[in-house]
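Okay, structure first, notes after.
The values are calculated or read from the model by the stated rules, or taken from the named source; none is laboratory data. These numbers were taken from a predicted model, which means no experiment stands behind them. FYI the Cβ positions are ideal-geometry reconstructions off the backbone, even for glycines, and counts take in every protein chain you see.
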């Protein structure tokens, strides 16, 4: 099995190193032989056929602005339409929102303020207060969600490295069209989105991989890796084993 990490790798980026490490933690815990590699966003348009034929899942990584927003959106769209396991974190969250807004809500000019701060339809906007470097509590509001079954908790703590998030003015339309807001902060702003009816299509504004360790692999990342490899419902085992 092969996992593509969609992003422009930077060896000095804490979130990129954490992404690599979290995958190794999950692989070790699950005893799975998964190959994971970074796919630069500016290679996607030309190599799209090869990429979708060779990878079983996609992690849309932190680190925006990407070299090619178009490339990242193309992969996200393919994964959404073809039930390919996909996890987006931080910048990945933001781009999964943009793709959904353009292709499901038909807001063809939906934009990200980091790329075009003066666009008329800014779906991703600067946060009122920067969350960079902060660890905050998140409320999981949808108890029927896959996210809730993974964490099995009403609240979790999450580490952020972002300055942009979903424009609250678009939250209702995105949620009612199937990209459900399953977790929010204390101001009811979206922090985890989950696509209804999809095998695994989850976006977190925070960086779950930052909390992963060898002895305590992150639950969300581990569940994602399991699904990419064709496994299901590992979260209960994770909880039991880590508590034991």
Counting only residues that are buried (at least 24 other Cβ atoms within 10 Å of the Cβ) and in contact with a helix residue (DSSP H, G or I) (Cβ under 6 Å, 6 or more places away or on another chain), which one in the range 184-196 is modelled with the lowest pLDDT? 190
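Please pick out the residue among 143, 176, 180, 199 that is out of contact with any helix residue (DSSP H, G or I) (no Cβ under 6 Å at 6 or more places or on another chain), exposed (fewer than 14 other Cβ atoms within 10 Å of the Cβ) and either closer than 21 Å to residue 78 by Cα or at pLDDT 95 or above (or both). If you could, list the steps in order and put the result at the bottom.
Numbers: 143 fails: either closer than 21 Å to residue 78 by Cα or at pLDDT 95 or above (or both); 180 fails: exposed (fewer than 14 other Cβ atoms within 10 Å of the Cβ); 199 fails: exposed (fewer than 14 other Cβ atoms within 10 Å of the Cβ).
Just one listed residue meets the conditions, 176.
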Scanning the range 15-41 residue by residue, those exposed (fewer than 14 other Cβ atoms within 10 Å of the Cβ), out of contact with any strand residue (DSSP E or B) (no Cβ under 9 Å at 6 or more places or on another chain) and outside any loop (DSSP other than H, G, I, E, B) turn out to be 28
Name the pairs whose Cβ atoms lie under 9 Å apart, with the first residue in the range 1-28 and at negative phi and free of Cβ contacts under 8 Å to residues at least 60 places away in the same chain, the second surrounded by fewer than 20 Cβ atoms within 10 Å (Cβ to Cβ) and part of a strand (DSSP E or B), and 6 or more positions between them or separate chains? 2/35; 2/37; 5/37; 5/38; 8/38; 9/38; 16/38; 20/38
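Let's see how each residue does on (1) free of Cβ contacts under 8 Å to residues at least 12 places away in the same chain; (2) in a strand (DSSP E or B); (3) closer than 23 Å to residue 205 by Cβ; (4) in contact with a strand residue (DSSP E or B) (Cβ under 7 Å, 6 or more places away or on another chain):
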residue: 43; (1), (2), (3), (4): no, no, no, no
residue: 59; (1), (2), (3), (4): no, yes, yes, yes
residue: 64; (1), (2), (3), (4): no, no, yes, no
residue: 67; (1), (2), (3), (4): no, no, yes, no
residue: 72; (1), (2), (3), (4): no, no, yes, yes
residue: 76; (1), (2), (3), (4): no, no, yes, yes
residue: 79; (1), (2), (3), (4): no, no, yes, yes
residue: 87; (1), (2), (3), (4): no, yes, yes, yes
residue: 97; (1), (2), (3), (4): no, no, yes, yes
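Can you pull out the residues in the range 45-57 that are part of a helix (DSSP H, G or I) and buried (at least 19 other Cβ atoms within 10 Å of the Cβ)?
First, pick out the residues of the range 45-57 that are part of a helix (DSSP H, G or I): 45-54.
Residue satisfying the conditions is 51 alone.
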